[in-house]
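The values are calculated or read from the model by the stated rules, or taken from the named source; none is laboratory data. It should be emphasised that the depicted structure is a prediction, and the values quoted were computed from it without experimental measurement. Reconstructed Cβ throughout: ideal geometry from the backbone, glycine too, with neighbour counts over all protein chains shown. Note: accessible area is taken over every heavy atom of the protein model, side chains too, but ligands, DNA and RNA are not part of it. Shrake-Rupley method; radii C 1.70, N 1.55, O 1.52, S 1.80 Å.
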Amino acid sequence: MRLIKDWKKEILTVPNLLSLFRLLLIPVYVVIYLNAKSSTDYYIAGAILAVSCLTDLIDGKIARHFNLITTVGKVLDPIADKATQFTLIVCLAMHYHVLFYVIALFVVKETFQLVAAYWLYRKGKILKGALITGKICTTVLFVSLITMVVFPELTARQVEIIAVVDVIFMVMAFTEYALAYFSRKNHFQNID
């Protein structure tokens, strides 16, 4: 009986449910965006993404304020972020082919972080939390990509500029995470 209570306490928290909600929004966004025919359709797709971003902000604040930080949440929240970002970039790349470069960098960055995090986990440790450049990169990606969704009439030059900005912030985040994983500084904590 105690195992069931612990399971519910670990999984069924408001922050975790919000992360699950964000994952459920992904196919809704995909269907609306890929079938968009009018400005209203693009605004709806953008609104879905905005809701996803807001729930991302809210779930972290709730988790910290009410001490609802769980191991499941530490995994689920970034999965929801990365799945949303990846899906968004792929959908946009169907219209703006320059974004395939952004996809390639995104895959390399996230694969590195996944492998490094797994390697660290095997040693009984995890990162203490998201690094500041990672948070900034996530914000920049969401703002720039939502802009492309809501304003589908952007010129190729404008999209190229947005892609360059996204790449710059992704490289900065990638570099900081690589340095964190390989540095001797204490960026890690033991797994509880």
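Each of Val115, Val159, Val167 has its accessible area taken with a 1.4 Å probe; listed largest first, they run Val115, Val167, Val159. Remark: spin-label model distance Thr71-Val165 equals 4.0 nm, labels positioned 7 Å along the Cα→Cβ axis.
FRET efficiency for the pair Trp119 and Val143, taken as 1/(1 + (r/R0)^6) with r the Cβ-Cβ distance and R0 = 30 Å, rounds to 0.40. Within straight-line reach of Lys125, meaning a Cα separation under 14 Å, sit the following aspartates and glutamates at least 8 residues removed in sequence or on another chain: Asp192. Residues in the range 149-162 carry Karplus couplings, in order, of 5, 6, 10, x, 8, 4, 6, 4, 5, 4, 5, 4, 5, 4 Hz; the curve used is 6.51 cos²θ - 1.76 cosθ + 1.60 with θ = phi - 60°, and Gly or Pro positions show x.
For the range 46-127, the dipole from Cβ point charges (+1 on Lys and Arg, -1 on Asp and Glu) about the Cα centre works out to 380 debye, to the nearest 20.
Note on the range 12-27 and the range 143-185: Cα centroid distance 24 Å, given to the nearest whole angstrom. Residues in the range 61-72 carry Karplus couplings, in order, of 5, 5, 4, 6, 5, 9, 6, 10, 6, 10, 4, 4 Hz; the curve used is 6.51 cos²θ - 1.76 cosθ + 1.60 with θ = phi - 60°, and Gly or Pro positions show x. In the elastic network of the chain, a GNM with C-alpha springs shorter than 10 Å, the most mobile of Gly73, Gly134, Gly124 is Gly124. Placing unit charges on the Cβ atoms of the charged side chains and taking the dipole of the range 28-147 about its Cα centre, the candidate lying farthest along the positive direction among Val140, Ala63, Leu92 is Ala63.
Note down the relative contact order for the range 7-103 as a percent, whole number, built from C-alpha pairs under 8 angstrom at least six residues apart.
After rounding, I find 40 percent.
Each label was represented as a point 7 Å from its Cα along the Cα-to-Cβ direction; for Val98 and Leu54 these points are 3.1 nm apart.
Of the cross-linked pairs Lys74/Lys135; Lys9/Lys61; Lys61/Lys82; Lys61/Lys123; Lys61/Lys135, which ones have a Cα-Cα span greater than 25 Å in the structure shown? Check vs 25 Å cut-off fails for Lys61/Lys123. The charge dipole of the chain, taken about its Cα centre with unit charges on the Cβ of Lys, Arg, Asp and Glu (plus for the first two, minus for the last two), comes to roughly 860 debye.
For the range 2-95, trypsin sites (Lys or Arg not before Pro) are listed when DSSP marks them as loop and at most 10 other Cβ atoms sit within 10 Å of their Cβ; the list is Lys37.
The label point for Lys37 and the one for Glu10, both projected 7 Å from the Cα toward the Cβ, are 4.9 nm apart.
Per residue of the chain, the DSSP helices (runs of n ≥ 4 H) give a summed -39500 (n - 2.57) that works out to -27500 deg cm²/dmol at 222 nm.
Counting alpha carbon pairs within less than 8 Å and at least 6 residues apart, what relative contact order, in whole percent, applies to the chain? If you can, show how the numbers build up before the last one.
Details: 163 pairs, mean separation 49.4, N = 192.
Averaging sequence separation for qualifying contacts and normalising by length gives 26 percent for the chain.
The 1.4 Å probe gives accessible areas that order Ser52, Ser39, largest first, as Ser39, Ser52.
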